[in-house]
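Student: Below: one structure in structure tokens.
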Amino acid sequence: MNKNPRVSVLMPVYNGERYVRKAVESILNQTFTDFEFIIVDDGSTDHTWQILQDYAANEPRIVLVRNETNVGLARSLNRGLGLARGEYIARMDADDVSLSGRLTAQVSFLDEHAGVGVVGSAVQVIDADGSPGNVWRYPAMHALILWSLCFHAPLAHPTVVFRRAVVERVGGYDDALLASEDRDLWQRLSSVTRLANLPEVYLLYRQHPNKVSCRHADMQLRNSAKAGQRLMSRILGYQVPFEICHNIRLGRFETADDAIQAVSVIHSLYDTFMSKKSLSIPEKRAIRRDAVQRLVSLAWRWLHKARMRREFLALAFRLNPVIVVKTIGSKAVRRAWRGLARLSQ
């Protein structure tokens, strides 16, 4: 009987003929070799299926399946999860490139950290032609990842490796949250395991107009806000209104009352996190820094409302005045307070 592989690499693809070869080869060229490569063709209508068949004919580690119709990313991922035999699941997207040491590094990390169920990494952004852009780094500590999950997705989906057992425990991906199924999964996993990111770059993350996040940007924003609403409500113990979560996700507010409610939610989240005895001092510092920066950003959007801007900045100052000064500059702070003092007279 063949033993199960340590890792199941899971890659859905839909009409990916332009980039899929580089994606496949980047996995086949990994320094870690004990894996199966599950590729789910989600009903492609271009030459993707033929390309994949050519690879599968010469590579026994490839497990190739095809959806009769296009069912979407989350359902394709769940189909792949149902086929996976590995202890660990490594995600991959068909337009990205994994660096050769990726699986070695992430498997070693999970082997050494039994309490961590998910690990991602930093990414090097590339454009449609492969030219390099910025490096995106994500929070490494579990508490800061959980805090960040209230506002956005602090793990790059195609970089993650997770334990198959914990994903099965939470029921896999929610296919009702198009383009935000990853953020929702991290939130549910955060209730049963710890999350982490490696600081090194292990993936070239391609940005192009046909990417799912670009094609479904509006829906992604709304579904991301729904995922944030679930987590905020769970942490705070009451139902946070969707519109507040949506406004926070957008970073825009129609009225002063909207902004005040958003600040109240952020501050309540901050108080709740700071009350956790399990948080380390570095985790508390990192969360305090992020909370201050969010409050300063809110204050800066309300230049025309002296009272509100003063209240937001005052709240940020109480959390950490040094971070406020570093965020907007000492001259800007003095100028803001002088202007606020004149307007409030």
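The values are calculated or read from the model by the stated rules, or taken from the named source; none is laboratory data. This is a predicted model, so every value here is computed, not measured. Neighbour counts run over all protein chains shown; Cβ positions are idealised from the backbone, glycine included.
Student: Is it fair to say Val240 is more than 14 Å from the chain's Cα centre (by Cα), in a loop (DSSP other than H, G, I, E, B) and aliphatic (A, V, I, L, M)?
Tutor: yes
Student: Determine if the range 59-70 includes at least one residue that is under 26 Å from Gly120 (Cα atoms), assigned to a loop (DSSP other than H, G, I, E, B) and in contact with a Gly (Cβ under 7 Å, 6 or more places away or on another chain).
Tutor: There is no residue in the range 59-70 that is under 26 Å from Gly120 (Cα atoms), assigned to a loop (DSSP other than H, G, I, E, B) and in contact with a Gly (Cβ under 7 Å, 6 or more places away or on another chain).
Student: I've got another one for you. When both residues are 6+ apart or on different chains and their Cβ atoms are under 8 Å apart, which pairs have a first residue that lies in the range 166-177 and is outside the structural domain of Ser191 (by TED's automatic domain parsing), and a second that is assigned to a loop (DSSP other than H, G, I, E, B)?
Tutor: Close Cβ pairs satisfying both conditions: none exist.
Student: Considering Asn134, Asn197, which residue is crowded, with 22+ Cβ neighbours inside 10 Å and either acidic (Asp, Glu) or touching a strand residue (DSSP E or B) at 6+ places or on another chain (Cβ under 8 Å) (or both)? It would help to see each step written out before you state the result.
Tutor: Working: Asn134 fails: crowded, with 22+ Cβ neighbours inside 10 Å.
Just a single option satisfies the conditions, and that option is Asn197.
Let's see how each residue does on (1) without any contact (Cβ under 8 Å) to a residue 40 or more places away in the chain; (2) of a type in the set (Val, Ile, Thr):
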position	(1), (2)
Leu81	no, no
Asp96	no, no
Thr104	no, yes
Gly120	no, no
Ser131	yes, no
Trp147	no, no
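Student: Assess whether Leu64 counts as being at pLDDT 95 or above, under 19 Å from the mean Cα position of the chain (by Cα), in the same structural domain as Ala23 (by TED's automatic domain parsing) and not polar (S, T, N, Q).
Tutor: No: the conditions fail for Leu64.
Student: Quick one: Thr31 ticks every box in (1) buried (at least 16 other Cβ atoms within 10 Å of the Cβ); (2) at negative phi except a single one, so which number is it?
Tutor: (1)
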